[in-house]
Amino acid sequence: MTGGPATPAPSIVPAPRQAPDALVEYLLRLGDDRLVLGHRLSEWCGHGPILEEDIALSNVALDLLGQATMFLRLAGQVEGRGRDEDALAYFREVVDFRNCQLVELPNGDFGFTIARQFLFDVHAVVVLDALSRSGNAELAAIAAKSLKEAKYHVRHSGEWVLKLGDGTAESHQRIQRAFDALWRFTPELFAADVVDAAMLAAGVGPDLAALQAVWDGLVRDVVERATLSLPHAAPPIAGRSGRQGSHTEALGHLLAEMQIVARSHPGAKW
């Protein structure tokens, strides 16, 4: 699988003005996706199936945390309330997080982790590629830097999808079961709301509907080559999504672990 999207993402025309509140929300979504998924992947440290993969997953986690730091730092600056990336990571409640539900799901087995990672990695590549041409210069710079890492991530997870899908009967069954379970969470990745509409109108964010077709083609190409299958369509999202602060029970447990040190010793420096 190649690192970039198969077809060019739509161009984004710069606009002179942006809605600060919508921009903060948008940046939180980008940062929270990576913060939460990075923490999930860090849970594999010391538990990978082989040493090389243990190191690889840890490196991907570090990349995602680095990207989250940049997006959340910019969100805090735009917000103008004195909250930096650490405050946004450690001192918000569950309902204040804007990540998609896909990234907060427990790791499960290795096949589940790889399937989840692949679905997000392809999403990251197509979205970051579009955002690298954003009318917001700071966001475009972060996206361009993050895109280089995302291209590596999607090659890594895509190769594992091929290995597991076209491997043993056991590996095939496990990753197929993972895709079956995860597919219902994928519509949220491209469910545009008022924030996305505002960012598109301001020349900041991409047209998610246009990117979804690119994402779907890339995902299905690898999945089919791995002798796996996917449903033709996932059910629409019922009610509020993670983008509006509605999360699974798993996020509360994750944040309790991730935030415990900072909340127990507020203001501490190491």
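The values are calculated or read from the model by the stated rules, or taken from the named source; none is laboratory data. All of these numbers come straight from a predicted model, not from anything done at the bench. Please note: Cβ atoms are built from the backbone with ideal geometry, for glycine as well, and neighbour counts cover all protein chains shown.
Can you pull out the residues in the range 185-203 that are under 16 Å from Gln101 (Cβ atoms), charged (D, E, K, R) and surrounded by 16 or more Cβ atoms within 10 Å (Cβ to Cβ)?
Keep residues of the range 185-203 that are under 16 Å from Gln101 (Cβ atoms), which gives 185-191, 193.
When the remaining residues are screened for being charged (D, E, K, R), the result is 188, 193.
Glu188, the sole residue that qualifies.
Residue pairs, Cβ under 8 Å, 6 or more apart or interchain, first in the range 121-143 and in contact (Cβ under 8 Å) with a residue 24 or more places away in the chain and more than 14 Å from Phe190 (Cβ to Cβ), second of a type in the set (S, T, N, Q) and surrounded by 22 or more Cβ atoms within 10 Å (Cβ to Cβ). List them.
Taking only residues 6 or more apart or on different chains, the pairs are Asp121/Ser157; Ile142/Gln67.
Would you mind listing the helices (runs of 4 or more DSSP H) fully within the range 42-132 where at least 3 residues are at pLDDT 95 or above and in contact with a Pro (Cβ under 7 Å, 6 or more places away or on another chain)?
Details: elements: 51-79, 85-90, 110-131.
Hits in the range 42-132: 110-131.
Residues of the range 65-94 being touching a Ser or Thr at 6+ places or on another chain (Cβ under 9 Å) and surrounded by 21 or more Cβ atoms within 10 Å (Cβ to Cβ), which ones?
Gln67, Met70, Phe71, Ala89
Out of curiosity, is Ala150 in contact with a Pro (Cβ under 7 Å, 6 or more places away or on another chain), buried (at least 23 other Cβ atoms within 10 Å of the Cβ) and either more than 25 Å from Ser264 (Cα to Cα) or among the acidic types (Asp, Glu) (or both)? Talk me through it step by step, then tell me what you get.
Working: in contact with a Pro (Cβ under 7 Å, 6 or more places away or on another chain): no; buried (at least 23 other Cβ atoms within 10 Å of the Cβ): yes; either more than 25 Å from Ser264 (Cα to Cα) or among the acidic types (Asp, Glu) (or both): yes.
When the stated conditions are applied, Ala150 does not pass them.
Go through the range 201-224 and give me each residue that's part of a helix (DSSP H, G or I) and of a type in the set (A, V, I, L, M). Steps first, please.
Going through the range 201-224, the residues part of a helix (DSSP H, G or I) turn out to be 201, 208-224.
Once the filter is applied, which keeps residues that are part of a helix (DSSP H, G or I) and of a type in the set (A, V, I, L, M), the range 201-224 yields Ala201, Leu208, Ala209, Ala210, Leu211, Ala213, Val214, Leu218, Val219, Val222, Val223.
On the basis of being more than 24 Å from Ser42 (Cα to Cα), part of a helix (DSSP H, G or I) and not hydrophobic (A, V, I, L, M, F, W, C), does His172 make the cut? Explain how you work it out, then say what you get.
Numbers: more than 24 Å from Ser42 (Cα to Cα): yes; part of a helix (DSSP H, G or I): yes; not hydrophobic (A, V, I, L, M, F, W, C): yes.
Yes, satisfied.
Which residues, counting only those in the range 163-206, are under 24 Å from Pro106 (Cβ atoms), small (Gly, Ala, Ser) and over 21 Å from the mean Cα position of the chain (by Cα)?
Gly165, Gly167, Ser171
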